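As structure tokens, the structure follows; a few thoughts come after it.
Each reported figure results from applying straightforward, stated rules to the coordinates on display, with no laboratory input. Since this is a predicted model, take the numbers as computed values, not measurements. Cβ atoms come from the backbone with ideal geometry, glycine included; neighbour counts cover every protein chain shown.
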């Protein structure tokens, strides 16, 4: 696999985590989404 | 397609699915379990990138430490919220989803709220009688207070209350 696929995967996971941080209302949920 | 590519795509699908489950699950305890799966999948990604030391560090620190800390945080806050106090509106808004908190949480919160609504009718009588002794022969208000206390007891043991 090239490095490009890993970078795209990392970007997708980062976007999911950012979405979780912005949409969660619970503090523990925000912490778990940010990790 | 080589073996590494197959492994990468399998790990990528698992990682993205478990990350979406972390974000989209309403139950906090299930969210932390999916987070553990996502962290292990991230460690496997490190393993595919020929860095086994980072795999070990990821497993030890994240999947071992952070998940444990989050589970303890959920347990302690659930005890704090569900145990002593009457569940009122800000707790319900904090815990669950706002749209379903009115419908799904309303039936659950209805019984202690009804007991608390009946309590001021007799003033502070049931509290003194309940504190003085066993007080089995109480009025209907004392029975309602005991029923509310019995209804509160298993909620204290429950780790992460499911919203659905």
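Data table
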{"item": "Number of partner chain Cβ atoms within 10 Å, mean per residue of A:11-18", "result": "4"}
{"item": "Most to least packed among B:1-12, B:68-79, B:36-47 [average Cβ atoms within 10 Å]", "result": "B:36-47, B:68-79, B:1-12"}
{"item": "Cβ crowding within 10 Å averaged over residues, with B:21-31, A:20-30 ranked highest first", "result": "B:21-31, A:20-30"}
{"item": "Efficiency of FRET between residue B:17 and residue B:68 - r from beta-carbon atoms, R0 22 angstrom, step 0.05", "result": "0.40"}
{"item": "Cβ-derived FRET efficiency at R0 22 Å, residue B:79 paired with residue A:14, nearest 0.05", "result": "0.05"}
{"item": "Modelled FRET efficiency - R0 35 Å, residue A:22 with residue B:143, Cβ distances, 0.05 increments", "result": "0.15"}
{"item": "Number of partner chain Cβ atoms within 10 Å, mean per residue of B:20-29", "result": "4"}
